[in-house]
Every structure is written in structure tokens, then in C-alpha cells.
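Encoded as C-alpha cells, the structure appears first; notes follow it.
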Amino acid sequence: MEEKAKSRAFYVSRLAELEAVGRVKDYLVENLKDKTSFQNFVKNLDKDELLKKAGWEENGGWYWETVYRTNTMSAFNAGRAEAFDEYEPEFLEFIGIEDFRQTPVCAARSGIVKKRTDPFWKKNFPPLHYNCRSTVRPVYAEEAQAFGIKETAASAFSRPPAKGFGHNPAENWDGVTEEVKGRYEKGGLTDETPEDKFARTYYDSIRNRKNTRYEIKKIARNVNDFIKANKIESKEFSESDIEKIRNHIFLEKHDLAEGYARFFPSPHIALAWQHFDTGKNIQSLDIMLLNHELKELTLMKEKGYTYDDAHTEANKDFPWGVYIKK
């Protein structure tokens, strides 16, 4: 990547005083060049004594996972934007990942087609928020004519991009703006919603638990008691099933659109797991989630499905994500 892109994309304000910005930048650039995983990025940070002093151990991996994902997608979309300026497609189409993890901000814009020069892209070019997975694809005149692709009518959005996001990432890569500096404050995200904070802290609590055997045994009992008491049309879940689902959701890394990483915390899943853990307020939809995740992970591990394909197949029988989006 260009030097100006490096300095712009990999700024981490709370490490500036310790001169650790360069360390993080170098590790991330090296990781991107070698096409290795977020896990490798984390290992480099974890063994760096300067970064430990800067708070790596104290704050945990969620902060760095957000830095990694957000800046990687920013750099990726910046490269695409520069290519569009060079090859000049007729239109651009906003491409969102339409699953239960998609935010309302991206869902409202997914599929929108606008002229490449339309002012729309000055405020709606992904990424639109932290951990955004959306991107933009070019639509050339020949494709538009052949497939009848037309410009989307003017749209009004109830939710704007998060503060500091949405502008064309290929512009203003020289230096770091005050707006970008404000994205990180005392190790936290400046515009993190209460729901996202709940999900993040709950996922962290799950990942840091010691007595997982007791947790798994308790959840299996709570879930099966609910299924039997309410005559839910579902299989009963063994402790092995619960353990596999728990690992799949909270611990294991997967090949996702944004790279090899763990699932980003979902408020809906965090709430459902809290129901299972406490045995209170369990819903039929929560049981559908377990069935969905079990089928998804089985297809991935035993059949070699990609996450996207396994998720789509699991939704055919257990469309938990569809209900959640509604």
C-alpha cells in the first residue's frame, strides 16, 4: 500500500504517546502483504512488550479486532475507489452482506445503484460504521444495457453512517484528520451503542469463563426443560451439541467476508445465550437459533461448506436470522 494510505488507515490515537502507532501499522501492513490471518496479527501484538504496556492485555482483543477489521475494509474500499476513478464505470452498486449481522444502516443502502459521479457516494461509500463488511462494485455501460440495470431513484435514509464514516476512502489519505482521531477515546469506541456494548461485554465474559463444563451442563438442562415443557418442535440438545455451538459462536475463527476471524458480537445472540444461561425468558426463537447454528457448523466442519453457503442452507430449515431482521 502507499505510504499515505498506511498513515491514514492505521492510526490508533491512544497509543500515540508511546510511539506504538508505527508498531501496529507495521504489523498490520505485514499481515496484509503476507495474506495471513487476524490471529497472526494478534500474536505479533501479544508478544510486543511496548504494546502490552500500552494496554493490549488490559483491554482485551475486542478493541484490536475492531481496529483490524475496520481499517482493513477501509484500505480495501480505498483501493477499489481509486480503481473506479481510473477505469470510470458508468455506475456503482452498493453491495451489503445480507445476513442477520447486517446493520440497518447498510441494509437500507444494499443494492442501490448510482452514477459513479453522483454526490451520493460522497456520504455513503463503505465502510459506514465500525466492522462494516459492505463494499461497492462497478457496473459498466455494457452490463447495464445487457441486463437492464438502471439507476436507483433518490432515497431518504433514517440512519446516517456512523460519525467519521461514509466518505470516499480514496480521498484525503494524506495525514490523519481530527475526525478520525475522535473515533477512539480512552480505548473505547466513541459512538458504540448500548446494544453493541452489551454484546461486546457479554461475549468477552463468555470467552473468559473458567468453569465452562458447568455452564454447558446447565444450559443443556435449561434448554431441554424448555423444549419439553412447551412441546417445541425441536430435537433435544446434548451437552456435546451445546459445547459445539458455544465454540462456533464465541470462540472459533471462520473464513468470513472480512477475513479469518471470530464472529463479531451480536446483541441478539448475546441476549439469547443469556436466556439459556439463566434459564429465564427463553423463547421459541432462541431454540431456532441453536438449531440454526448446529446445522451451520455441521455443514462447515463435516461437508466443507463455506460460512456463507452453510448460513444460507441453515436458514432454509431454521430461518432465525430472517425473523431477527424482521
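The values are calculated or read from the model by the stated rules, or taken from the named source; none is laboratory data. Computed from a predicted structure; not experimentally measured. Methodologically, a virtual Cβ is constructed for each residue, glycine included, from the backbone with ideal geometry; neighbour enumeration extends over all protein chains shown. Each accessible area value is taken on the protein alone, full model and side chains, heavy atoms only, with ligands, DNA and RNA left out. Shrake-Rupley method; radii C 1.70, N 1.55, O 1.52, S 1.80 Å.
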Give all pairs with beta carbons closer than 6 Å in which a residue from the range 90-109 that is in contact (Cβ under 8 Å) with a residue 24 or more places away in the chain and within 19 Å of Lys150 (Cβ to Cβ) meets a residue that is open to solvent by 20 Å² or more (accessible area, probe 1.4 Å) and among the aliphatic types (A, V, I, L, M); count only pairs at least 6 apart in sequence or on separate chains.
Glu90/Ala141
Test set (1) part of a loop (DSSP other than H, G, I, E, B); (2) modelled with pLDDT of 80 or more; (3) under 30 Å from Glu313 (Cα atoms) - Lys150 fails condition number
(3)
Test Phe94 against the stated conditions and say whether it is of a type in the set (Phe, Trp, Tyr) and modelled with pLDDT of 85 or more.
yes
Every listed condition ((1) assigned to a loop (DSSP other than H, G, I, E, B); (2) at pLDDT 85 or above; (3) open to solvent by 50 Å² or more (accessible area, probe 1.4 Å)) holds for Asp174 save (2)
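Restricted to the range 78-99, and to residues that are aromatic (Phe, Trp, Tyr) and open to solvent by less than 50 Å² (accessible area, probe 1.4 Å), which residue is farthest from the chain's Cα centre (by Cα)?
Phe91
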